[in-house]
Amino acid sequence: MRWRRSTAFAVAVLAAVAVLAGCGPSFSGLRVRIAAGSPGGVYSDLAQPLADAWAADLGIERPAVLSTQGSLDNLRQVESGRADVAFVAADLAAEEAAETHGKLAALARIHDDYLHIVVRSDSPYTSVAMLRGHRIATGSPESGVEYIADRVLQVAGLQDGFPAPLGLKDSLDALENHTIDALFWSGGLPTPLITTYSAKIGLRLLDMSSLMPRMQEFSPVYGTATIPGSTYNQPGPVVTLVVPNFLVVPTSMPADVAEALTRGLFDARPALVRANHAALSIDVHPGIETEPLPLHPGALSYYRSVKT
């Protein structure tokens with residue numbers, strides 16, 4: 001009799017667990033669009049495996065990965081309702097958040113981007129100041145690269161140059177063909193396309209330590225970092241600007257969706273690292289550091305659940 005009672009109790013417990021397991025949120029019919037930048041950049045590299053992970057974790061159709069011009073374009077996509085999640089540089093996110101009055105929130109701080117000011121290794125340029133009056137590729141229109149490049153040119157007094165609004169691949173091709181003298185790029189370390197072209201034609205990075213104090217007057221999110229010489233087989237390390245990146249969503253996103261997307265991001269970290277080593281810095285502890293952009297309440301619920 002005692003055995004029968006124990007068995008009946010165990011069956012009841014298993015039935016209750018099965019019922020509770022079926023009570024989780026259902027995301028059937030959910031469609032997610034990710035604004036991810038241009039091919040060859042870190043955003044695009046990370047968006048593809050992230051879309052795979054979210055599809056598997058949430059049981060939804062694979063999110064659409066949208067090719068865009070970069071951070072500013074990504075923000076516009078979210079604001080207009082054409083995208084649901086965007087990879088965005090923190091400086092642009094901070095400025096846009098102030099202008100949109102609480103319509104944007106963050107799921108996480110993801111990785112940091114390093115500003116690259118690149119010239120050919122056989123060129124005579126050894127400082128940013130030497131680029132005065134020359135042809136400089138400043139990134140795709142409406143990109144975070146262009147945003148930072150405009151500030152650097154202002155600080156360095158290079159407004160009399162000839163800026164060319166080119167993406168990374170087009171910029172590197174132009175540098176190879178001698179149709180520009182330098183290019184700006186903001187990305188993870190290493191950026192694969194820069195590694196490829198450095199081996200192909202020889203590239204050199206310019207140090208910008210003398211410009212950093214004035215750059216940091218523009219935004220508190222700008223930090224100073226060093227790109228080791230070994231990253232691109234350079235003669236030595238260079239000091240540059242570093243800016244964090246956020247995953248940004250509209251505040252109107254349901255909390256359970258935001259929580260599930262945040263959880264899926266961190267669960268997908270191994271796949272993201274395989275796609276691009278910049279994802280090594282994705283971690284729940286720095287993930288909450290999205291000031292001045294607030295965390296979405298759903299994301300905050302996730303961080304509390306893992307006791308961050």
Q.
Can you pull out every residue in the range 194-216 that is closer than 17 Å to Val42 by Cβ and surrounded by fewer than 19 Cβ atoms within 10 Å (Cβ to Cβ)?
A. Thr195, Thr196
Q: Please specify each residue of the range 26-67 satisfying the condition of being without any contact (Cβ under 8 Å) to a residue 40 or more places away in the chain, hydroxyl-bearing (Ser, Thr, Tyr) and either touching a Pro at 6+ places or on another chain (Cβ under 6 Å) or part of a loop (DSSP other than H, G, I, E, B) (or both).
A: Ser26, Ser28, Ser67
Q) What about Ala182, is it at pLDDT 95 or above and either of a type in the set (Lys, Arg) or under 30 Å from Gly29 (Cα atoms) (or both)? A) no
Q) Looking only at the range 217-233, which residues are open to solvent by 60 Å² or more (accessible area, probe 1.4 Å) and touching a strand residue (DSSP E or B) at 6+ places or on another chain (Cβ under 8 Å)? A) Thr224, Thr226
Q: Among what's in the range 164-190 and is more than 17 Å from Glu142 (Cβ to Cβ) and under 16 Å from the mean Cα position of the chain (by Cα), pick the residue that is least open to solvent (accessible area, probe 1.4 Å).
A: Gly188
Q. Looking at the range 234-308, what helices (runs of 4 or more DSSP H) fall wholly within it and have at least 1 residues that are open to solvent by 10 Å² or more (accessible area, probe 1.4 Å) and of a type in the set (D, E, K, R)?
A. 255-267, 269-275, 297-305
Q. Quick one: in the range 115-157, which of the residues that are open to solvent by 30 Å² or more (accessible area, probe 1.4 Å) and part of a strand (DSSP E or B) is modelled with the highest pLDDT?
A. Arg120
(Q) Can you report the number of residues in the range 229-259 which are of a type in the set (D, E, K, R) and more than 22 Å from the chain's Cα centre (by Cα)? (A) 1
Q) Any idea which of Ser186, Ser230 is of a type in the set (Gly, Ala, Ser) and free of Cβ contacts under 8 Å to residues at least 40 places away in the same chain? A) Ser230
Q. For the range 76-114, which residues satisfy the criterion of being over 13 Å from the mean Cα position of the chain (by Cα), aliphatic (A, V, I, L, M) and either under 14 Å from Val243 (Cα atoms) or in a helix (DSSP H, G or I) (or both)?
A. Val78, Ala94, Ala97, Ala98
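Residues are listed down the side, and each one gets a yes or a no for (1) open to solvent by 10 Å² or more (accessible area, probe 1.4 Å); (2) at pLDDT 95 or above:
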site	(1), (2)
Phe9	yes, no
Ala47	no, yes
Ala55	yes, yes
Asp73	yes, no
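The values are calculated or read from the model by the stated rules, or taken from the named source; none is laboratory data. Keep in mind the model is a prediction, meaning the values are calculated, not measured. Heads up, the Cβs are rebuilt from the backbone with ideal geometry, glycines too, and the neighbour counts pull from every protein chain shown. Please note that ligands, DNA and RNA were not included when accessible areas were found on the heavy atoms of the full protein model with its side chains. Shrake-Rupley method; radii C 1.70, N 1.55, O 1.52, S 1.80 Å.
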